[in-house]
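Here's the structure we're looking at; comments come further down.
The values are calculated or read from the model by the stated rules, or taken from the named source; none is laboratory data. Owing to the predicted nature of the structure, the values given are computational and were not obtained by experimental measurement. In this analysis, Cβ positions are derived from the backbone assuming ideal geometry, glycine residues included, and neighbour counts consider all displayed protein chains. Surface accessibility is based on the protein's heavy atoms, side chains included, excluding ligands, DNA and RNA. Shrake-Rupley method; radii C 1.70, N 1.55, O 1.52, S 1.80 Å.
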Amino acid sequence: MLKRIDLDVVKSIEGLLKNGRKRITIVTHVNPDGDAIGSSVGLSNYLRKLGHFCKVLVPNDYPEYLQWMKGEEVVTVWFKAKYKAIEIIENTDILFFLDFNEEMRCGAIAEETKKFKGPRVLIDHHPHPADFTDITISDTGACATAELVYELIDALGDSDLVDESVAECLFSGILTDTGSFNYNTSNPRTYEIVGQLLKTGIDKDRIHSRLFDNFSHDRMKLLGYCLNDKMVYMPEFKTAFFSLTQEELAKFNFKPGDTEGFVNFPLSIKDVVFTAIFMEKDGKIKISFRSKGTFPTNKFASEHFRGGGHVNASGGETNLTMDEAVQKFVDLVPQYAEELKISML
Ligand code: 5GP
Ligand code: MN
């Protein structure tokens, strides 16, 4: 099998990890998702097995349904414990950046990581990685960063160190980033890796349930409200979207993570290939985009909403009001009529 990670890169990482116990910090992106937490805690569990001292830093809090992985106690949330987080970075020998492609995606943590003079390693599967690390493992063909963490451990000759504690984290990353093997999972290698993870004895059904059967009653009602009252369908452009203001979110006792995955629902409408959700957040409008087929949502996000991401899953933001942001979107979509017309699976 063609090795995904260059031998040079493997050798460099081997070099970093040898000669005694290292203090390693793993940083991931704002609004950490299942892959961010799963790949980071999974890598940390592995590095701790090698005898290293490992911490994970996340910019802001993450949803409850991700707060169960073994080894999660190494996670520090910047916004909850800024000074502790700064101290962690100041006392680090090696910095790993996981699941994002430019330094500013780790939010306020970037102020501190930019001062860090030691070796920096990126492991990511987003397109167009910026040049901000000494060692870069970047593969857009990977369904999740967790998959690349497994490849790295394997390339280092340590696949036998992947026990349940590592496997359940990496499996969670793969499961969440692929919508339970719904997308980005056409590469047989993904299933070979998943096969290896399952061999450790992890309980697949239980992990799936923890990650996906987690709706509160309020969250389920919010989804119903979105689909029933808020969805705007533009059949002539194969597009559907919804928006949620702070006031609406408050009505449903919104908690972080509650709208996770909502943007995917309209893609189940026959012929819809492009979806968006607009949410009022911290005085800005945060947007998520999804598509089926070739329509490049990341290009749309970077050209119009200061964002980026993958072809079929991206996000951005704007300082416009909600009404202005939605109007901008509605005005833009017809300009993409041709691309949307041919975007099909
Ligand atoms: P989500 O819609 O789940 O928040 O994000 C989906 C993907 O879009 C993420 O994996 C990330 O790559 C990308 N993304 C979301 N928001 C932003 C943003 O504001 N800027 C950039 N560059 N990428 C984003
Ligand atoms: Mn990811």
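Go through the range 157-178 and give me each residue that's of a type outside the set (S, T, N, Q), open to solvent by 10 Å² or more (accessible area, probe 1.4 Å) and away from ligand 2 (no atom under 12 Å from the Cβ). Matches in the range 157-178: 157, 158, 160, 161, 162, 163, 164, 168.
Identify all residues within the range 308-330 that are farther than 20 Å from residue 245 by Cβ and either open to solvent by 20 Å² or more (accessible area, probe 1.4 Å) or not polar (S, T, N, Q) (or both); write none if there are none.
Listed by number, the residues that qualify are 308, 309, 310, 311, 312, 313.
Just wondering, is there one or more residues in the range 74-84 that are touching a strand residue (DSSP E or B) at 6+ places or on another chain (Cβ under 7 Å), outside the structural domain of residue 264 (by TED's automatic domain parsing), charged (D, E, K, R) and open to solvent by 30 Å² or more (accessible area, probe 1.4 Å)?
Just the residues of the range 74-84 that are touching a strand residue (DSSP E or B) at 6+ places or on another chain (Cβ under 7 Å), to begin with: 74-78, 84.
In the following step, the residues that additionally are outside the structural domain of residue 264 (by TED's automatic domain parsing) were identified as 74-78, 84.
Remaining after also requiring charged (D, E, K, R): 84.
Subsequent filtering for residues that are open to solvent by 30 Å² or more (accessible area, probe 1.4 Å) retains 84.
Yes, because at least one residue in the range 74-84 is touching a strand residue (DSSP E or B) at 6+ places or on another chain (Cβ under 7 Å), outside the structural domain of residue 264 (by TED's automatic domain parsing), charged (D, E, K, R) and open to solvent by 30 Å² or more (accessible area, probe 1.4 Å).
For the range 62-89, which residues satisfy the criterion of being in a loop (DSSP other than H, G, I, E, B), free of Cβ contacts under 8 Å to residues at least 60 places away in the same chain and over 27 Å from residue 131 (Cα atoms)? Before you say what the answer is, go through the steps one by one.
Residues of the range 62-89 that are in a loop (DSSP other than H, G, I, E, B), as a first pass: 62-63, 67-71, 78-81.
When the remaining residues are screened for being free of Cβ contacts under 8 Å to residues at least 60 places away in the same chain, the result is 67, 78-81.
Listed by number, the residues that qualify are 67, 80, 81.
Return a yes/no flag: does the range 140-149 have any residue that is open to solvent by 20 Å² or more (accessible area, probe 1.4 Å) and within 16 Å of ligand 2 (Cβ to nearest atom). Scanning the range 140-149 turns up at least one residue that is open to solvent by 20 Å² or more (accessible area, probe 1.4 Å) and within 16 Å of ligand 2 (Cβ to nearest atom). Of everything listed in (1) more than 13 Å from ligand 1 (Cβ to nearest atom); (2) touching a residue at least 40 places away in the same chain (Cβ under 8 Å); (3) closer than 24 Å to residue 212 by Cβ, the single unmet condition for residue 249 is (2). With respect to residue 25, determine if the residue is of a type outside the set (A, V, I, L, M, F, W, C), touching a Ser or Thr at 6+ places or on another chain (Cβ under 7 Å) and crowded, with 17+ Cβ neighbours inside 10 Å. Judged against the criteria, residue 25 is a match.
Here is a yes/no grid of residues against (1) away from ligand 1 (no atom under 16 Å from the Cβ); (2) under 26 Å from residue 259 (Cα atoms):
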{"residue": "65", "(1), (2)": "no, yes"}
{"residue": "74", "(1), (2)": "yes, no"}
{"residue": "85", "(1), (2)": "yes, no"}
{"residue": "125", "(1), (2)": "no, yes"}
{"residue": "132", "(1), (2)": "no, no"}
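Only one of the numbered conditions (1) in a helix (DSSP H, G or I); (2) in contact with an Asp or Glu (Cβ under 6 Å, 6 or more places away or on another chain) is violated by residue 4, and that is (1). Here the range 120-137 is the region considered, the condition is being surrounded by 19 or more Cβ atoms within 10 Å (Cβ to Cβ) and within 15 Å of ligand 2 (Cβ to nearest atom), and the residue that is farthest from residue 184 (Cα to Cα) is 122. Pairs linking a residue in the range 90-114 that is free of Cβ contacts under 8 Å to residues at least 40 places away in the same chain to a residue that is within 13 Å of ligand 1 (Cβ to nearest atom) and charged (D, E, K, R), with Cβ atoms under 8 Å and 6 or more positions apart or on different chains, are 110/103; 114/103. Note on the range 218-274: residues that are among the acidic types (Asp, Glu), within 23 Å of the chain's Cα centre (by Cα) and surrounded by fewer than 17 Cβ atoms within 10 Å (Cβ to Cβ) amount to 0.
Considering the range 30-61 alone, what residues qualify as being assigned to a loop (DSSP other than H, G, I, E, B) and either more than 16 Å from ligand 2 (Cβ to nearest atom) or open to solvent by 10 Å² or more (accessible area, probe 1.4 Å) (or both)? Reasoning before the result, please.
If we filter the range 30-61 for residues that are assigned to a loop (DSSP other than H, G, I, E, B), which is where we start, we get 30-33, 50-52, 59-61.
Matches in the range 30-61: 30, 31, 33, 50, 51, 52, 60, 61.
Return yes or no: is residue 92 in contact with a strand residue (DSSP E or B) (Cβ under 6 Å, 6 or more places away or on another chain), within 16 Å of ligand 2 (Cβ to nearest atom) and of a type in the set (S, T, N, Q)? It is false that residue 92 is in contact with a strand residue (DSSP E or B) (Cβ under 6 Å, 6 or more places away or on another chain), within 16 Å of ligand 2 (Cβ to nearest atom) and of a type in the set (S, T, N, Q).
The residue that is most open to solvent (accessible area, probe 1.4 Å), among those in the range 283-302 that are of a type in the set (D, E, K, R) and within 12 Å of ligand 1 (Cβ to nearest atom), is 299. For the range 303-316, taking the residues that are of a type outside the set (D, E, K, R) and more than 7 Å from ligand 1 (Cβ to nearest atom), the one that is farthest from residue 178 (Cα to Cα) is identified as 304.
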